[in-house]
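Notes follow once the structure below has been shown.
Please treat every number below as a calculation from the coordinates, not as lab data. Keep in mind that this is a model prediction, so the values were computed, not measured. We place every Cβ from the backbone using ideal geometry, glycine too, and count neighbours over all the protein chains shown.
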Amino acid sequence: MDSKELAAKITEILDSKKGIDIETIDLTGKTVLADYFVLASGNSTTQIKSLADEVEFVLKKDFDIVPDHIEGRSGDKWILLDYKDVVVHVMGREERENYNIEKFWETKRKEGEA
């Protein structure tokens, strides 16, 4: 499974668990961090954990893919699952608005075009 297919599968999983405002950011050729960021919001720490757990569970069960690294498991409002070429950010709405990852990478994309 390539990184684009993985990002699409993660989006599908998040959508099936009622993730909010799911967005995929294509970073191909823009950074060495990852090819894609997949972002989703949750309404509570319980929903955030449930969304992250479901991504991890389905990818392990169906594809034997496990994250290289996980951050924010202990009731945080931001859980990051690092699948090397695809990084998943599951966040509370307030954290998502505050850090505004989408706007940051949109600005970087426009700077690269100039």
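Side notes on the structure shown:
- Of the trypsin sites (Lys or Arg not before Pro) found in the stretch 1-44, those that fall in a DSSP loop while having at most 15 other beta-carbon atoms within 10 Å are 18, 30.
- Springs between Cα atoms under 10 Å define the GNM used for the chain, and in it the highest mean-square fluctuation of 82, 64, 15 occurs at 64.
- Shape call, the stretch 1-67: gyration tensor on alpha carbons, a/c limit 1.5: oblate
- Loop-located trypsin sites (Lys or Arg not before Pro) in the stretch 64-108 whose Cβ has at most 13 other Cβ within 10 Å (DSSP): 73
- Coordinate range of the alpha-carbon atoms in the chain per principal axis, descending: 41, 33, 22 Å.
- Helix-only CD estimate at 222 nm, as mean residue ellipticity for the chain, using -39500 (n - 2.57) per DSSP H run (n ≥ 4): -15000 deg cm²/dmol
- Note on residue 28 and residue 66: the extension gain reaches 11.5 nm, defined as 0.36 nm multiplied by sequence separation minus the Cα-Cα distance.
- Between the stretch 58-78 and the stretch 30-48, the alpha-carbon center distance in angstrom: 11
- Theoretical gain in end-to-end length, residue 100 to residue 16 [0.36 nm per residue, Cα-Cα removed]: 27.9 nm
- DSSP beta bridges in the chain [antiparallel fraction, %, rounded to 5]: 65
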